[in-house]
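Dropping a structure here in structure tokens format, bear with me for questions.
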Amino acid sequence: MSNPSTGTSGGVGRGRRGVRTTAAAVAAAGLALAGCSSSSAAKPAASSSVQGPLTIGISLSLTGDFSDSGKAAQRGYKLWAQTVNAAGGVLGRHVVLDIVDDTSSPTQVVTNYQNLITKNHVDLVFGPFSSLLTVPASQVAKRYGYAFLEPAGGGPAVFSQALHNLFFVQPAPVVQQGDVFADYILSLPASERPTTAAYPALDDPFASPIAAEVRTRLEAAGIRTVYQQIYPAEATDLTSVVSAMSAKKPDLVVAGTQSADAYALVKAMVQLKWAPKMLYLSNGANDPLNFPTNVGAGHVNGIFSSGDWFPTATTSGNAAFVAAYTATFGGTGTSIDSTSAEAYSCGQLVQEVAAKTGKVDNATLISTLHSGSWPTLEGDLSWNSAGAANSSYVLVQWIGGKLLPVFPANRAQSTPVLGKLPWGG
């Protein structure tokens, strides 16, 4: 990201509506204006002759393995539509979201986007959650000439397609998400570094490459690998993995995880009463609501993960986004899942291109986004020809029951805390 300040990473916050309605509307108006603040001068809405609704088709995992994150993306998309509509829409067009459930299935996601484009005739599409679904979904969008702004699919398989219509609205490539943890480990004095490491990873195009990337770097620095295992996506009980891993006594565990398997991994460690000296989970642990809810609030401190968005960031429209989100869904900024900010940022980009060009169509989105840098909640983003953004991640750690940025130093709110994990012997 470009010059974001730091803060706590996000999770899902739900709250009552009612008295929050007025506050949400006020925050929405400010947020919609902030979302349009591109460096280029806005063109008048009259340049668009189409005044019907702007329909955007989206397939999300509202059920299945990715449902926690899918619902967080849904909140971000819906909040963007709410805020932009409160300010008059996009070039005067009311935004309508056509959201369908893909059940976390790569097969269903293809059917969904085909139907959204060829039967529902949506104007634009936004992406689903996870690389597993993004790869086939982006192929459908490419086939029909649609821009594909996607919030949460940044594995190597996504960018190896070299799709010019794809834009990953996060720091990328995600395979480098763990680099910030490797950087931290290698910044430690040799006497404080772990000497052995284990690398369990989910069989997933997003998760396992992260662990592999960290392993390559740490092995090159002399940290010996004593265990490596890719477990199947359908695995729900990881006690056998933890049992085999613990027998090797690694100082460090670097786990390539999504959400459910991150919970299962920690639960298995707690059940077996074994903990490494250091634990990094690529995903799952960076969700401040669902992670402690699923593994127990008393079991989170000391665990590391990576983050891309923080509620105290000074990125474009972020303060208004946090205000609107909490007014609408309740909670605090620290309970916002970063996936919601990623999804919202997709909408910001549509607004900014419309403001610059006076048009909102797929060809204009694709050509315009490949020129210059664009301000979002995720920072100022630009993309290479394959859709990978030019930005970086932050290392976060659970400290005192809060998820805090701890590395690099210029973006940290706390220094990392080293010591026994809560359930360790």
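Could you tell me whether segment 189-243 comes out rounded, prolate or oblate from its Cα gyration tensor? Rule is a ≥ b ≥ c as square roots of the eigenvalues, rounded for a/c under 1.5, then prolate if a/b exceeds b/c, otherwise oblate.
Note, shape of segment 189-243 comes out oblate.
Could you work out how far the C-alpha centroid of segment 123-197 sits from that of segment 247-262, in angstrom?
Their Cα centres are 20 Å away from one another.
If you roll a 1.4 angstrom probe over the protein chains with everything in place, what fraction of the accessible area of segment 265-404 belongs to carbon and sulfur, to the nearest %?
54
Over segment 47-165, what percent of the accessible surface lies on carbon and sulfur atoms, probe 1.4 Å?
52
Now, a different point. The chain: Rg/Rh from Cα coordinates, Kirkwood Rh?
0.97
Once you have the Cα-Cα distance between A247 and E234, take 0.36 nm times their residue separation minus that, and quote the gain in nm to one decimal.
My answer for the length gained is 2.3 nm.
Something else now. Could you give the spread of the C-alpha atoms of segment 128-176 along their three principal axes, from largest to smallest, in whole angstroms?
30, 17, 17
Take segment 339-386, compute every pairwise Cα distance, and split them into 5 Å bins from 0; I just need the percent in each bin.
P(r) for segment 339-386, in whole percents per bin: 5, 21, 33, 26, 14, 2.
Here's something else I'd like to know. So if we plug the beta-carbon distance of H370 and A220 into 1/(1 + (r/R0)^6) with R0 = 35 Å, what FRET efficiency do we get, rounded to 0.05?
Efficiency at R0 = 35 Å is approximately 0.50.
Sum up the charges of everything whose Cβ sits under 12 Å from the Cβ of P276, counting Lys and Arg as +1 and Asp and Glu as -1, but leave P276 out.
Net local charge, P276 excluded: +3.
OK, next. Contour minus end-to-end for T293 and A363, with contour as 0.36 nm per residue of separation and end-to-end as the Cα-Cα distance?
Length difference between fully extended and current span is 20.9 nm.
Let me have the relative contact order for the chain, percent, based on Cα pairs under 8 Å that are six or more residues apart.
RCO, the chain: 27 percent.
Just the number please: accessible area per residue for segment 74-130, 1.4 Å probe, all protein chains included, in Å².
Spelled out: the 1.4 Å probe surface of segment 74-130, per residue, equals 35 Å².
Which GluC sites (Glu not before Pro) from segment 174-267 combine a DSSP loop assignment with at most 12 other Cβ atoms within 10 Å?
E234
Compute the distance in nm between two label points, each set 7 Å from the Cα along the Cα-to-Cβ direction, one at A190 and one at T63.
5.7
So, counting K/R as plus one and D/E as minus one, what does the shell of residues with Cβ under 15 Å around V175 add up to?
Around V175, the charge tally is -3.
Given 10 °C and 1.306 mPa s, compute D for segment 234-373 with the Stokes-Einstein relation, Rh being the Kirkwood radius over Cα pairs; round to the nearest whole µm²/s.
Reported coefficient: 89 µm²/s.
Suppose R0 equals 41 Å; then what is the FRET efficiency for T415 and K273 from their Cβ-Cβ distance, rounded to the nearest 0.05?
0.90
With a probe of 1.4 Å, find how much accessible area segment 197-245 has per residue, and write the answer as a whole number in Å².
Per-residue value: 43 Å².
Any idea of the accessible area per residue across segment 313-392, 1.4 Å probe, to the nearest Å²?
Ligands and nucleic acids excluded, the result is 24 Å² per residue.
Taking a threshold of 19 Å on the Cα-Cα distance, which of the pairs K249/K277; K78/K142; K273/K402 fall above it?
Violating the 19 Å Cα-Cα cut-off are K78/K142; K273/K402.
Note the full-extension length gain between Q161 and N115 as 0.36 nm times their separation in residues minus their Cα-Cα distance, in nm to one decimal.
Taking 0.36 nm per residue and subtracting the Cα distance, the gain is 14.3 nm.
Hey, another quick one. Tell me the net charge near A201. Cut-off is 12 Å between Cβ atoms, A201 excluded, with +1 for each Lys or Arg and -1 for each Asp or Glu.
-3
The values are calculated or read from the model by the stated rules, or taken from the named source; none is laboratory data. Here the structure is a predicted model, which means the values were calculated and not measured. Heads up, the Cβs are rebuilt from the backbone with ideal geometry, glycines too, and the neighbour counts pull from every protein chain shown. Areas reflect the complete protein model, heavy atoms only, side chains present, ligands, DNA and RNA absent. Shrake-Rupley method; radii C 1.70, N 1.55, O 1.52, S 1.80 Å.
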